[in-house]
Amino acid sequence: MFGLDSFWHWIILLVVVLLIFGTGKLAKMGPDLGNAMRGFKKALHGEDQPEADKPASPDKLQADPPPAPHAAPSEQRDTSGMK
């Protein structure tokens, strides 16, 4: 099925890829591609998001408390420009 001619095409392709990307980038691409594949599989199976990607839980988010009813009202400025 694959002859000697096909073998040389693959060797030439490998050399061109090494020249373009270099060995350093190719070494980094492997783990990055693996992490991307794992993330894709998890997303397909509907597994939970990683801890860093999860939104903060509602009990940790708190609004400022309302002002006390007996507190003095703050003065408001007249910004209309008329006196």
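The values are calculated or read from the model by the stated rules, or taken from the named source; none is laboratory data. Model, not experiment: these values are computed from the prediction.
A few notes on this one:
- Single condition residue 37 does not satisfy, out of (1) at pLDDT below 90; (2) in a helix (DSSP H, G or I): (1)
- Looking across 50, 69, one residue alone is modelled with pLDDT under 85 and either of a type in the set (Gly, Ala, Ser) or under 28 Å from the mean Cα position of the chain (by Cα) (or both). It is 50.
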